[in-house]
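A short reminder: the numbers here are calculations on the coordinates, not readings from a lab. From a predicted model like this one, the values you see are computed outputs, not experimental measurements. Cβ placement follows ideal geometry from the backbone for every residue including glycine, while neighbour counts extend to all protein chains displayed.
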Amino acid sequence: MRAALHSGYTLGMKIAISIPQDVFAQAEQLARRLKKSRSQLYSEAVAEYTARHSPDEMIEAINQAYAEPDPETDAFVAAAARQTLEQVEW
């Protein structure tokens, strides 16, 4: 297998963007507080934003959650429902 050649010190795409000064300042503060690089902060933010706005990924996550029932959760829900129904006057 041939090794990929990378120039610079990052493995990703380098881009230039323009953002409002106040957004930049807030991002800088957050990056320092989280002890992350600016690149890492922006990369994670864009990844989260695109995931949140991707209907296909959201539907897939919902489908996966319902396709794989958790037996412990199901047992808990059944017991809670039984207990609730026992307290209801019929």
Of the GluC sites (Glu not before Pro) in the stretch 15-59, those whose Cβ has at most 15 other Cβ within 10 Å and which sit in DSSP loop
none
Neighbourhood charge, 12 Å Cβ-Cβ cut-off, centred on L41 and excluding it, Lys, Arg +1 and Asp, Glu -1
+2
Tell me the label-point distance for the pair I62, V46, using the 7 Å Cα-to-Cβ offset, in nm and rounded to one decimal.
2.8
³J(HN,Hα) across the stretch 31-39 via Karplus (A = 6.51, B = -1.76, C = 1.60, θ = phi - 60°), whole Hz, x for Gly/Pro?
4, 5, 5, 7, 6, 10, 6, 4, 4
